[in-house]
Structure formats: C-alpha cells, structure tokens
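Derivation of every value follows stated rules applied to the coordinates shown; laboratory data play no part. Keep in mind that what you see is a predicted model, and the values were worked out from it rather than measured. We place every Cβ from the backbone using ideal geometry, glycine too, and count neighbours over all the protein chains shown.
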Amino acid sequence: MDRQFPDWEQLYQEQAVESMPWFYKALDPDLERALHQLNLTQGTVLDIGTGLGTQAIALAKLGFRVTATDLSTTAIEKAIEKTQDAKLGILWMQDDILNSRLDQQFDMIVDRGCFHVLPPQRRQNYVSVVAHLLKPSGYLFLKCFSTLETRESGPYRFTPSDIQEIFQSHFHLLSAEETQYYGTLDPIPKALFCILKNF
Ligand SMILES: C[S@@+](CC[C@H](N)C(=O)[O-])C[C@H]1O[C@@H](n2cnc3c(N)ncnc32)[C@H](O)[C@@H]1O
C-alpha cells in the first residue's frame, strides 16, 4: 500500500512545529543509550531529515560536530531561528537525501523519521547514498515505525527482518529493538530503533 505524505515544505510553512507528531525536544532516549553503550562521545554526525533540528541541537550540545539537513527550506530556517546558539557550530543545509549535494563523509548518521517516509521504490537509492556518506565502519542510527504500530495513517512500518533485507547490501544490522517514537502523539507510536554499521 502506498502511503500519503504532506508536502513537507508547505507543512513547515503552515504549521507550528511544536505541534507536529515527531516533535521531541530532548535527545531521543534510544539514541542517547546507543551513544553511551558504544562509548561514542565525539566525531562528525549527519542528521538526515532534521525537521526543527532537536536531535541535531542535542547532539551538538554533547560535543558532536553536526551537519543537519532537510528537504524543507522552511524547516531549516525555523531550526536556525530556534537554535540561537551559534557556538554550537551546526551546519544547517537544505538537501534532498535522495539527490544529495553532500560531499563529505561522516562518523555517524542519525535518521529519526526520514527513511520511513520515503517511497519504497527509492529505498535502495537511500541505502547507497547513506552508505557513501558514512565512513567505513561508521554507524547509522535509524528510528522508524514498527509493524506493531496499528494506526492507519502515518509512515511506512518495518520489522527487524525488513531492515536487515533493505540494508544488507551495504550494512551489518547490529540491533533492531522494539521501542517508541517519542513525540506529541497519544498513544505513543510503536517504533524500531536500529543500529547499523557500514561495511
Ligand atoms: C518525521 S519528520 C522527522 C523530523 C526530525 N528528524 C525529528 O526527529 O524531529 C521527517 C522529516 O524528513 C524530512 N524529509 C522528507 N523527505 C526527505 C528527503 N528526501 N530528504 C531530506 N529530508 C526529507 C521532512 O521534511 C521531515 O522534516
């Protein structure tokens, strides 16, 4: 079944970002735990589909050197406005991950909710772009909806074996845990948090 998504640019122009389902001010608890367990405390991070940039900002505050991108120019403008702390040194950029203009490689990539809104026929395109943007043995932290989520509308849903199959050409799947997509929805959507390592 093809799922319907908003025109992202129009959405960010028209809606208050704090009311969006994915808005979560703090660092995602699953990401926080993964960074701790893997003892990752520094390095370069790309936050794909950053939206209002909450994750990018939280990561920069921890000392990571962050590049944050989104398809929507307005999302990026609003994120810059909210940041107010130029010292964090975040590089904000409008960019379509399926047609990316990025030409640098990162130690880590965070995707909290971008992959699961992409058209299924573009997933392999996404996997190869992301693999090329990551340094060898770099980590991809991926949060997406789980097939345990029963709401009708919203993003695509995945099982751990779906993720294994989609990413296997370029990544080892280290873990895929059932968890939640923290944001503004009640009840909180069921999600997968996956840690993948580039070949
Ligand atoms: C569910 S929101 C998640 C926002 C943010 N990661 C967060 O956790 O708050 C998905 C985001 O992906 C962005 N997006 C959708 N398609 C994209 C693409 N092809 N390239 C980059 N960003 C995209 C949307 O504009 C939106 O901000």
Inset, instruction - Distance between Cα centroids, segment 20-48 to segment 106-130: provide it in whole Å. - result: 16 Å
Legend entry - For segment 35-135, with +1 on Lys and Arg beta carbons and -1 on Asp and Glu, the positive-most of GLN104, ILE80, LEU35 along the dipole: LEU35
Legend entry - Placed amide H near ILE109: partners under 5 Å, 5+ positions off or other chain: LEU46, TYR139, LEU140, PHE141
Inset, instruction - Please turn the phi angles of segment 187-199 into ³J(HN,Hα) values with the Karplus equation 6.51 cos²θ - 1.76 cosθ + 1.60 (θ = phi - 60°), one per residue in order, whole Hz, x for glycine and proline. - result: x, 5, x, 7, 9, 10, 10, 10, 10, 10, 10, 5, 4
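On full extension of the chain, what length is gained from LEU11 through LYS135, given 0.36 nm per residue of separation minus the C-alpha to C-alpha distance?
Working: separation 124, 0.36 × 124 = 44.64 nm, distance 3.31 nm.
Result: 41.3 nm gained on full extension.
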Legend entry - Distant-in-sequence amide H partners of ASP96 (H built 1.01 Å from N, under 5 Å): ARG101
Inset, instruction - Would you please state which residues of segment 55-72 a label at GLN94 would reach in this model, taking the label point 7 Å out along Cα→Cβ and a backbone N cut-off of under 18 Å? - result: 68-72
Inset, instruction - Choose one answer from PRO29, PRO187, PRO155: the residue with the largest mean-square fluctuation in a GNM of the chain with alpha-carbon springs under 10 Å. - result: PRO187
Inset, instruction - Rounded to whole Hz and in sequence order, give me ³J(HN,Hα) for segment 162-174 from the Karplus expression 6.51 cos²θ - 1.76 cosθ + 1.60, θ = phi - 60°, writing x for Gly and Pro. - result: 4, 5, 4, 5, 5, 9, 5, 5, 10, 9, 8, 8, 7
Inset, instruction - Find how much the distance from SER169 to HIS36 grows on full extension, using 0.36 nm per residue of separation minus their present alpha carbon separation; answer in nm with one decimal. - result: 45.1 nm
Legend entry - Extension gain (nm, one decimal) between GLN121 and ASP2, 0.36 nm per residue minus Cα-Cα: 41.8 nm
Inset, instruction - Calculate the spin-label point distance for ARG151 paired with PHE199, positioning each point 7 Å from the Cα along the beta-carbon direction, and give it in nanometres. - result: 3.6 nm
